[in-house]
1. When region 277-304 is examined, which residues are found to be farther than 29 Å from ALA220 by Cβ and in contact with a helix residue (DSSP H, G or I) (Cβ under 6 Å, 6 or more places away or on another chain)?
2. Which number in (1) away from the ligand (no atom under 16 Å from the Cβ); (2) more than 15 Å from the chain's Cα centre (by Cα) marks the one condition that VAL113 misses?
3. Give the residue, chosen from ALA216, ALA224, ALA220, that is open to solvent by less than 20 Å² (accessible area, probe 1.4 Å), over 22 Å from LEU158 (Cβ atoms) and not aromatic (Phe, Trp, Tyr).
4. Looking at region 270-284, which of its residues are more than 14 Å from ILE244 (Cα to Cα) and open to solvent by less than 70 Å² (accessible area, probe 1.4 Å)?
5. Would you mind stating whether LYS219 is within 16 Å of the ligand (Cβ to nearest atom) and closer than 16 Å to SER253 by Cα?
6. Is it the case that GLU199 is outside any helix (DSSP H, G or I), under 23 Å from LEU178 (Cβ atoms), open to solvent by 10 Å² or more (accessible area, probe 1.4 Å) and not hydrophobic (A, V, I, L, M, F, W, C)?
7. Hey, can you tell me all the residues within region 74-93 that are open to solvent by 20 Å² or more (accessible area, probe 1.4 Å), in contact with a helix residue (DSSP H, G or I) (Cβ under 6 Å, 6 or more places away or on another chain) and outside any strand (DSSP E or B)?
8. Can you name every residue in region 131-151 that is under 22 Å from SER174 (Cβ atoms) and part of a strand (DSSP E or B)?
Amino acid sequence: MDLYAGFDLGGTHLKYGVIDEKGSVLQDETVNTPEKAEELFVILETVWDTIRNVHHSNIKAAGFGFPGIFHAREQRIIQSPNCPQIDGHALVPSIEKFVDVPFFLDNEANYAVYGEHKIGAGKGAQSLVLLTIGTGIGTGIILSGQLWQGACGFAGELGHVTVNLDGELCRCGSQGCLETEVSAQKIVKSFRQFSRSEENLASEEVAHRASNGDKAALKAFSHAGFFLGIGLSIVINLLNPEKILLGGGVMESGEFLLPAALEEAKHRSFSTAYECCSIEQTQLGNKAGFIGAALWARDNLLHGQH
Ligand SMILES: [Zn+2]
């Protein structure tokens, strides 16, 4: 049986796994993302050895998804706001030291949308945009049934489109990016501001309080939803997509975020384009990145290595 391995590096976790030819998940693991690039490649090598020991030569190809601005021609991350340890790192030489099958690299959100498009909530959609909202916002785009990587591979950085001129400073160097206004951290910050408290708490706790009807918590989510709605209206007016899929940790509290987001998206986009776009939750959840990476490796194997 031919199998494919996928890796999805995030700011806090590295998710990886193995799928069969049809995309069924045979292995699904998570480890913490180390702080140093050298440690990351040591972990990747250890993980790779484990996969090979279990599945032997059945692994035919692998896909590695990295967060940040990925230069397709040079096969490296130019800038990763949420995982800066890999900025400029020569990825191919580090990976080919231990991976002995054809492998492919890309931005992790590109792989996530590819996974959803092939076997998830985006199956059959000819135009599809995926937003994963967590520590940052990843965006993947499918146009005319194909992954849209952009001229140099930099497409899909909706997280760094300005939605608030007076907003937070962003790790990308800009200000008021969608990612800074809708992130888990911003929801916590807004809650502290609205509740006039200095309490140190996680976004999950703000969600818990929202579910208990806490007004400041609900307002923090709807404030983020307002800016998410601006982001959605940009996507709808620019691309007129068939579907927008929303996923990531913050969307686990989607019921508090979505009403404001949809209201604002509807208000700011052309009604005909809004009506024809289906806005849904992702189906593969946080597995989309590694599943998509493995599916991409499967589908591109014939075109050669990298
Ligand atoms: Zn930014």
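1. Selection gives ILE291, GLY292, ALA293, LEU295, TRP296.
2. That leaves (2) as the condition not met.
3. The conditions single out ALA216.
4. LEU284
5. Taking the combined requirement at face value, the residue does not satisfy it.
6. No, not satisfied.
7. GLN75, GLN85, HIS89, listed by residue number.
8. LEU131, THR132, ILE133, ILE137, GLY138, THR139, GLY140, ILE141
The values are calculated or read from the model by the stated rules, or taken from the named source; none is laboratory data. All values derive from a computational prediction rather than experimental measurement. Here Cβ is always computed from backbone atoms with ideal geometry, including for glycine, and neighbour counts include all displayed protein chains. Note: accessible area is taken over every heavy atom of the protein model, side chains too, but ligands, DNA and RNA are not part of it. Shrake-Rupley method; radii C 1.70, N 1.55, O 1.52, S 1.80 Å.
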